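*Asks:* To start, I am sharing the structure in question, which I have written as structure tokens.
The values are calculated or read from the model by the stated rules, or taken from the named source; none is laboratory data. What you see is a predicted model, and the numbers here were worked out from it, not measured in a lab. We place every Cβ from the backbone using ideal geometry, glycine too, and count neighbours over all the protein chains shown.
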Amino acid sequence: MDEDGLASTMSEVRRELNCSVCRGDWKACRLATCPYLTDVRDLFRGESPIVSTNLFGASPPSAFVGSYGYPKVLAGPLVPPIREDTSLMDASEQWVHQDLWDILRFRLTLVRGKAARRVADARNPDPILRTTQEGAMSAVPIDTEMWLTKKPVIEGPFSARAPPSGPSADIRKVTLAENPHVPRRVDYIVDDTDLRAVEGVSDLYTHGVAQSHITRVFSVGLLGMGKSRRLVPTEWSITAVDDILGKRILERVRDFPWIDEFRVFAHTALANTVAILLAPSAWMYEGLEAWGIESNPLPAHDHEFYAGRKDYPSQLEGAYHAVKLPILEYLERQRRQAGAIAFLEVYRDWIPLGVWRYREIARAALAKAPETFESLADALAAMGRKVRLRLENWRAQSVLLPYIARQRRIEDYAT
């Protein structure tokens, strides 16, 4: 399972970056040659270099657990060496209306401290890991002081699922300069070592804890049965939380009545479009994703029918679950069931910021009033006006569109 997780992560990196230099393997990349980092280098030229190995700032709060070398990983806090409001720096729920370069700028301000630890060390943390865990529980920025072994340097900051971070270096010591502000429910669930991680994630979500906060606590190994707790790479934890929450909501959505018309939603932000078609049917879901629109591609695709899927979506990977969750959230609010097809487009000026963007763009789309139609043909005509890629390309790859087109509705049998 662990090897599969690492393999899928690297596959996703390669798919999203599609770089001819490193083929998506950041460990093989050099900053001087990476085409994705051209503008990033320009950004850092305009900033004062970090010359000290002692940093003090308000962590958003944020922590990062890497996947490279699993089950021995690099874990530690993210600390911006500035004294100002940093709360937005790790709150992906609030990023969809931000400028793309503003997001990149404040994410690259975060200095990543790294300490090599076994994932099982989450159960018996040393001072560095314990401090990282305590900071991750906080709901508000927390003053953090970090001593590094050398001056931090910028490396390849992008990954497939997690937001980027800035310069990094190994940690010698880290302390919190104040007590973390831990929500009562977070404290209660973290203390419950008899509660399974999936139950803990669902409980925190139900009690209104921000998803980015849940993911952070999950990643630093503070959820689950006591003997099973472990560090979870940040990239994996993001998709795991999307998947856990989606499955729980789907259990309830399957009991709702069908919607009675076709609904179309769309939103464009951060050089991406998410357009969603809901059809009057039992639950089914398909994600279709198109890159390099100018080359007239056939989209990648994954799907599931009413029973859901047990295997990992091999083509869309983390993006599949990131969009599925907002759709299920919408259906639960409506107390309705539907078939759903998500059309995802990535444009030329895109920068890899993580799959959170799909989740939040989908939420923005579903917050709007839908366009409604009586026929699939009319709904698809509207969809064709929302996306740039030809509708024929989407049709060619979709499994669910032909199925929905053949499906008979109850009123079709009325005399």
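*Asks:* Check region 232-249 and report whether any residue there is touching a Leu at 6+ places or on another chain (Cβ under 6 Å), surrounded by fewer than 22 Cβ atoms within 10 Å (Cβ to Cβ), outside the structural domain of Pro402 (by TED's automatic domain parsing) and modelled with pLDDT of 95 or more. Break it down into steps so the answer makes sense when it comes.
*Replies:* The first filter runs over region 232-249 and keeps only residues touching a Leu at 6+ places or on another chain (Cβ under 6 Å), leaving 242, 245-246, 249.
Narrowing the set further to residues that are surrounded by fewer than 22 Cβ atoms within 10 Å (Cβ to Cβ) leaves 249.
Still in the running and outside the structural domain of Pro402 (by TED's automatic domain parsing): 249.
If we keep only those that are modelled with pLDDT of 95 or more as well, we get 249.
Checking region 232-249: at least one residue is touching a Leu at 6+ places or on another chain (Cβ under 6 Å), surrounded by fewer than 22 Cβ atoms within 10 Å (Cβ to Cβ), outside the structural domain of Pro402 (by TED's automatic domain parsing) and modelled with pLDDT of 95 or more.
*Asks:* Being touching a residue at least 24 places away in the same chain (Cβ under 8 Å) and buried (at least 24 other Cβ atoms within 10 Å of the Cβ) narrows it down to one residue among Ser219, Ser212, Ser228; which is it? I'd like the intermediate steps shown before the answer.
*Replies:* Details: Ser212 fails: buried (at least 24 other Cβ atoms within 10 Å of the Cβ); Ser228 fails: buried (at least 24 other Cβ atoms within 10 Å of the Cβ).
Checking each option against the conditions leaves just Ser219.
*Asks:* If you take the residues in region 351-386 that are under 16 Å from the mean Cα position of the chain (by Cα) and in a loop (DSSP other than H, G, I, E, B), which one is surrounded by the most Cβ atoms within 10 Å (Cβ to Cβ)?
*Replies:* Initially, region 351-386 is screened for residues under 16 Å from the mean Cα position of the chain (by Cα), giving 351-364.
Of the ones still in play, those that are also in a loop (DSSP other than H, G, I, E, B) are 351-355.
Values: Ile351: 17, Pro352: 22, Leu353: 21, Gly354: 24, Val355: 28.
My answer is Val355.
*Asks:* From the list Arg390, Arg385, Arg357, Arg406, which residue is without any contact (Cβ under 8 Å) to a residue 24 or more places away in the chain and either among the polar types (S, T, N, Q) or farther than 23 Å from Pro257 by Cα (or both)?
*Replies:* Details: Arg390 fails: without any contact (Cβ under 8 Å) to a residue 24 or more places away in the chain; Arg357 fails: without any contact (Cβ under 8 Å) to a residue 24 or more places away in the chain; Arg406 fails: either among the polar types (S, T, N, Q) or farther than 23 Å from Pro257 by Cα (or both).
Within the list Arg390, Arg385, Arg357, Arg406, the selection yields Arg385.
*Asks:* Of Thr144, Thr131, which residue is at pLDDT 95 or above and in a strand (DSSP E or B)? Write out each step before concluding.
*Replies:* Values: Thr131 fails: in a strand (DSSP E or B).
Residue meeting the stated conditions: Thr144.
*Asks:* To continue, here is another question. Based on this model, can you work out whether Asp192 counts as farther than 24 Å from Arg309 by Cβ and assigned by TED's automatic domain parsing to the domain that holds Leu376? Working first, answer last.
*Replies:* Working: farther than 24 Å from Arg309 by Cβ: yes; assigned by TED's automatic domain parsing to the domain that holds Leu376: no.
Criteria not met by Asp192.
*Asks:* Same structure, new question: Determine if region 44-60 includes at least one residue that is under 18 Å from the mean Cα position of the chain (by Cα) and either closer than 29 Å to Leu366 by Cβ or at pLDDT 80 or above (or both).
*Replies:* Checked against the condition, which is being under 18 Å from the mean Cα position of the chain (by Cα) and either closer than 29 Å to Leu366 by Cβ or at pLDDT 80 or above (or both), region 44-60 yields at least one hit.
*Asks:* Which is part of a loop (DSSP other than H, G, I, E, B) and either among the aliphatic types (A, V, I, L, M) or more than 18 Å from the chain's Cα centre (by Cα) (or both), of Gly76, Gly113, Gly69? Before you say what the answer is, go through the steps one by one.
*Replies:* Details: Gly76 fails: part of a loop (DSSP other than H, G, I, E, B); Gly113 fails: part of a loop (DSSP other than H, G, I, E, B).
Being part of a loop (DSSP other than H, G, I, E, B) and either among the aliphatic types (A, V, I, L, M) or more than 18 Å from the chain's Cα centre (by Cα) (or both) holds for just one of Gly76, Gly113, Gly69, which is Gly69.
*Asks:* Can you tell which of Glu411, Glu392 is at pLDDT 95 or above, in a helix (DSSP H, G or I), over 28 Å from the mean Cα position of the chain (by Cα) and exposed (fewer than 13 other Cβ atoms within 10 Å of the Cβ)? Show your work before the answer.
*Replies:* Numbers: Glu411 fails: at pLDDT 95 or above.
It is Glu392.
*Asks:* Right, another one. Among the residues of region 197-212, which ones are under 18 Å from Glu360 (Cα atoms) and either of a type in the set (D, E, K, R) or in contact with a Lys or Arg (Cβ under 7 Å, 6 or more places away or on another chain) (or both)?
*Replies:* Step one: of region 197-212, the residues under 18 Å from Glu360 (Cα atoms) are 205, 208-212.
Selection gives Val209 alone.
*Asks:* Which condition breaks for Val201 when tested against (1) among the aliphatic types (A, V, I, L, M); (2) without any contact (Cβ under 8 Å) to a residue 60 or more places away in the chain; (3) out of contact with any Phe, Trp or Tyr (no Cβ under 8 Å at 6 or more places or on another chain)?
*Replies:* If we test Val201 against (1) among the aliphatic types (A, V, I, L, M); (2) without any contact (Cβ under 8 Å) to a residue 60 or more places away in the chain; (3) out of contact with any Phe, Trp or Tyr (no Cβ under 8 Å at 6 or more places or on another chain), just (3) comes out false.
*Asks:* With (1) in contact with a strand residue (DSSP E or B) (Cβ under 6 Å, 6 or more places away or on another chain); (2) not in a strand (DSSP E or B) as the list, and Lys151 as the residue in question, which single condition is left unmet?
*Replies:* With (1) in contact with a strand residue (DSSP E or B) (Cβ under 6 Å, 6 or more places away or on another chain); (2) not in a strand (DSSP E or B) applied to Lys151, the lone miss is (1).
*Asks:* Looking at Leu88, Leu74, can you tell me which residue is buried (at least 19 other Cβ atoms within 10 Å of the Cβ) and outside the structural domain of Ala367 (by TED's automatic domain parsing)? Walk me through it before giving the result.
*Replies:* Working: Leu88 fails: buried (at least 19 other Cβ atoms within 10 Å of the Cβ).
That would be Leu74, the only listed residue that is buried (at least 19 other Cβ atoms within 10 Å of the Cβ) and outside the structural domain of Ala367 (by TED's automatic domain parsing).
*Asks:* In region 192-220, which residues are more than 14 Å from Glu93 (Cβ to Cβ), part of a loop (DSSP other than H, G, I, E, B) and within 18 Å of the chain's Cα centre (by Cα)?
*Replies:* Val220 - this is the single residue of region 192-220 that is more than 14 Å from Glu93 (Cβ to Cβ), part of a loop (DSSP other than H, G, I, E, B) and within 18 Å of the chain's Cα centre (by Cα).
*Asks:* A further question follows. Could you list, in sequence order, all residues of region 263-294 that are among the aromatic types (Phe, Trp, Tyr), crowded, with 22+ Cβ neighbours inside 10 Å and farther than 9 Å from Ala342 by Cα?
*Replies:* Pass one, region 263-294, residues among the aromatic types (Phe, Trp, Tyr): 265, 283, 285, 291.
Keeping just the survivors that are crowded, with 22+ Cβ neighbours inside 10 Å gives 265, 285.
Matches in region 263-294: Phe265 only.
*Asks:* In addition: Please give the number of the condition Asp99 fails out of (1) surrounded by fewer than 15 Cβ atoms within 10 Å (Cβ to Cβ); (2) more than 25 Å from Ser52 (Cα to Cα); (3) touching a residue at least 40 places away in the same chain (Cβ under 8 Å).
*Replies:* For Asp99, the exception is condition (3).
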